[in-house]
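Everything on this sheet refers to the single structure shown next.
The values are calculated or read from the model by the stated rules, or taken from the named source; none is laboratory data. Small disclaimer: the values here were computed from a predicted structure and weren't measured. Cβ: placed from backbone, ideal geometry, glycine included. Neighbour counts: every protein chain shown.
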Amino acid sequence: MPIEQIHPMAAHFPIALLITSIFLDFLGFITKKDTFEKSAFHILVLGILGAVGAIIFGLIAEDVASKRPNIGETIETHETLAFITTGIFIALLIIRYIFMKKDNFQKIRPYYFIGALIGIILLFATARFGGQMVFEYGAAVSENILK
């Protein structure tokens, strides 16, 4: 398997993990159970690590994908959104870590959820452009399949 085909597969893990993290935070808020918040924190870390990995494979895949006709603007939009989205989730992790250490996470939770909602909206937008590259432009699809 060519290395540029890894990115579309790897991208699904951070999407699932980041959404799950926010969902567990919401469950923790509703149920007042610490276990959901702790799990959400650890899954957030894994989601960010997965996002960084997906970005690395995306940068590798960019050279091959950019050879497709009319795909350049979509690649740039997808890449920009991926960096911004990952940055938002990294910021959420840092803020969360700082406030959890001080046991003040409850005080900032509404703001955290607003940031998380923005992050998830951008995550979906990033995924939309990624899907467009694969399904409309054939990025990461073998030339043999296209013939």
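Within the range 1-16, restricting attention to residues that are over 11 Å from the mean Cα position of the chain (by Cα) and outside any helix (DSSP H, G or I), the residue that is surrounded by the most Cβ atoms within 10 Å (Cβ to Cβ) is P2. Scanning the range 107-129 for residues that are modelled with pLDDT under 95 and surrounded by fewer than 13 Cβ atoms within 10 Å (Cβ to Cβ) returns K107, P110, Y111.
Just give me the residues in the range 42-96 being modelled with pLDDT under 95, within 19 Å of F23 (Cβ to Cβ) and crowded, with 19+ Cβ neighbours inside 10 Å, in sequence order. Correct list: R96 only.
Could you check, for the range 17-26, whether at least one of its residues is farther than 15 Å from L92 by Cβ and part of a helix (DSSP H, G or I)? The answer is no, given that none of the residues of the range 17-26 is farther than 15 Å from L92 by Cβ and part of a helix (DSSP H, G or I). Tell me yes or no: at least one residue of the range 30-46 is in contact with a Phe, Trp or Tyr (Cβ under 7 Å, 6 or more places away or on another chain) and either farther than 22 Å from L93 by Cα or among the basic types (K, R) (or both). No, every residue in the range 30-46 fails to be in contact with a Phe, Trp or Tyr (Cβ under 7 Å, 6 or more places away or on another chain) and either farther than 22 Å from L93 by Cα or among the basic types (K, R) (or both).
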